[in-house]
Amino acid sequence: MATSIFESQILGALFPVGDIGHLFTDRAELRALLIVEGALANAQGTLGLIPSQCAERIYKASLEVQFDPFQLRDGATQNGVCVPSLITLFRESLPDPEDRDFVHFGATSQDIIDTALMLRMKQVLLKQEECLKSLLSHLGDMAQRHATLACVARTYAQNAAPTSFGATVAQWGMPLVRLLEELKEVRENVLFVSLSGAVGTSAALGEQSDELRQEFAKSLGLNVPPAGWHTERAPLSALISWQMSLCAALGKIATDVMDFAQSGRALVSLGKSGASSTLPQKKNPVQPSAILATIRYAQSVQGCLLQSQIHGDARDGVSWFTEWIALPQMILASSSALINARDMIEGLTPDKTAIAREVASSKGLIYAEALTFQLASDMGRVAASEAIKSLCAEVAANDERSLLEEAQKRFPALSTYDPQTALGDAPERALAFARHVKDSLS
């Protein structure tokens, strides 16, 4: 088995991460670090903090120079960070000696590394947003198509009352709509540059440090933080919170699909089902299993990241290093769950015959609540509840009887009862969700 499931040649496609995986490679990080160094010089040149001609050459070189990540290995091992080695290589690559003094001018390694991380997080959120929109589009279409398809809702794994399949889909999707709507705020609270210097005082950046941060952020398409965040990791806390809320919403979908796919129910057809090596009758729900597995992994890594939020001193190597280890894994796990959920929903269809069979097999007991309230207008709430409860016990003990039919025979007030009304506002909620999705994606 590979050291990372997401990079496995055998299992990688079971836990797909798409283009997001490319953002967590040494080459992607190296490219981001160089872009940040170039942007810093460019911003300083714009403000006249370093010679403009030097800034232009440094910026151009940062976009063109190529290094092998292995060249940074020894320096990173010795220093705990790769930036000193990178700066040495970058300076040596510049043909004009005058430019070399202005590379990495006034910054510290953590400024560069954290800003480079946020450059990549910007792309992560963009890719996740695209996938989330696709998933919501599929859910919206499904909710609209099946808004009135009656099915059995369960509570505590027991048949409870009728709902519609479309309303169930809407229940899956509404948290995702909210997460999509929250992304603007997430970006504002997460995608910060870091430029505070060695101990967060900006001392080496000069009197124009505020203006420099503004220009630096503008050149990278990132935001200016309200304060330095070398040890106050609120940006990462906000990012982690959104990712884990995403996992919770996706976990609900996968859990329900697993339940629907159980032997004896088979209420849905999955576009992809797994075969057993020895049991030819089985159709294993592989995709929801993979979704839940990656979510559990993300949740376990979250615990590690929560510990890393506590930083000591003006800079803290231990907590910072812990982020390096855990954050990519959490992002990849949540992204894999999202991609698998999108693909699963795209291929999922409800089996109307199986759903109708389950409604029929409930012996009408799923209408007990609705019948109670209908009958209450005739005999009072307490008496109606006792009457329907007693009748439920009779019906449950007799395979030939149906609660709905028996109640309509026994109580004249129920003779005209329409079971479709037991759906309540489920169809409307399904259609409202579908409209909400269209509005959100327009």
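The values are calculated or read from the model by the stated rules, or taken from the named source; none is laboratory data. Everything quoted here is computed from the prediction, not taken from an experiment. FYI the Cβ positions are ideal-geometry reconstructions off the backbone, even for glycines, and counts take in every protein chain you see. Areas reflect the complete protein model, heavy atoms only, side chains present, ligands, DNA and RNA absent. Shrake-Rupley method; radii C 1.70, N 1.55, O 1.52, S 1.80 Å.
Could you check, for segment 135-157, whether at least one of its residues is acidic (D, E) and closer than 30 Å to D351 by Cβ?
Yes.
For segment 63-115, which helices (runs of 4 or more DSSP H) that fit wholly inside it have 3 or more residues that are open to solvent by less than 80 Å² (accessible area, probe 1.4 Å), in contact with an Asp or Glu (Cβ under 8 Å, 6 or more places away or on another chain) and at pLDDT 95 or above?
Passing ranges, in order: 83-93.
Could you say which residue among A266, A248, A261 is closer than 27 Å to K127 by Cα and either of a type in the set (G, A, S) or open to solvent by 10 Å² or more (accessible area, probe 1.4 Å) (or both)?
When all the criteria are applied, what remains is A248.
Would you pick out the residues in segment 271-294 that are among the small types (G, A, S) and modelled with pLDDT of 80 or more?
Within segment 271-294, S289, A290, A293 qualify.
With respect to Y367, is the statement that it is modelled with pLDDT under 90 and among the aromatic types (F, W, Y) true?
Judged against the criteria, Y367 is not a match.
Quick check, is A266 modelled with pLDDT of 85 or more and not in a helix (DSSP H, G or I)?
Against the criterion (modelled with pLDDT of 85 or more and not in a helix (DSSP H, G or I)), A266 qualifies.
Sort out which residues of segment 188-212 are outside any helix (DSSP H, G or I), open to solvent by 70 Å² or more (accessible area, probe 1.4 Å) and in contact (Cβ under 8 Å) with a residue 40 or more places away in the chain, and write them in order of number.
Correct list: V199 only.
Across segment 393-440, what is the total count of residues that are closer than 24 Å to M174 by Cβ and either polar (S, T, N, Q) or exposed (fewer than 14 other Cβ atoms within 10 Å of the Cβ) (or both)?
6
Restricting attention to segment 332-350, does a residue exist that is closer than 25 Å to G200 by Cβ, β-branched (V, I, T) and out of contact with any Lys or Arg (no Cβ under 9 Å at 6 or more places or on another chain)?
no
Quick grid of which residues meet (1) open to solvent by 60 Å² or more (accessible area, probe 1.4 Å); (2) under 15 Å from F90 (Cβ atoms); (3) among the hydrophobic types (A, V, I, L, M, F, W, C):
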position	(1), (2), (3)
T25	no, no, no
A28	no, no, yes
A32	no, yes, yes
I35	no, yes, yes
G45	no, no, no
Y59	yes, yes, no
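Tell me which residues, restricted to segment 48-57, are at negative phi and out of contact with any helix residue (DSSP H, G or I) (no Cβ under 6 Å at 6 or more places or on another chain).
L49, P51, Q53, E56
Report whether or not I366 is within 19 Å of Q158 (Cβ to Cβ) and touching a Ser or Thr at 6+ places or on another chain (Cβ under 7 Å).
no
With in contact with a strand residue (DSSP E or B) (Cβ under 9 Å, 6 or more places away or on another chain) and farther than 18 Å from A143 by Cα as the only criterion, which of A370, A376, A397 stands out?
It is A370.
Those residues that are in a loop (DSSP other than H, G, I, E, B) and not aromatic (F, W, Y), I need them from segment 213-247; list them, please.
G221, L222, V224, P225, P226, A227, G228, H230, T231, E232, R233
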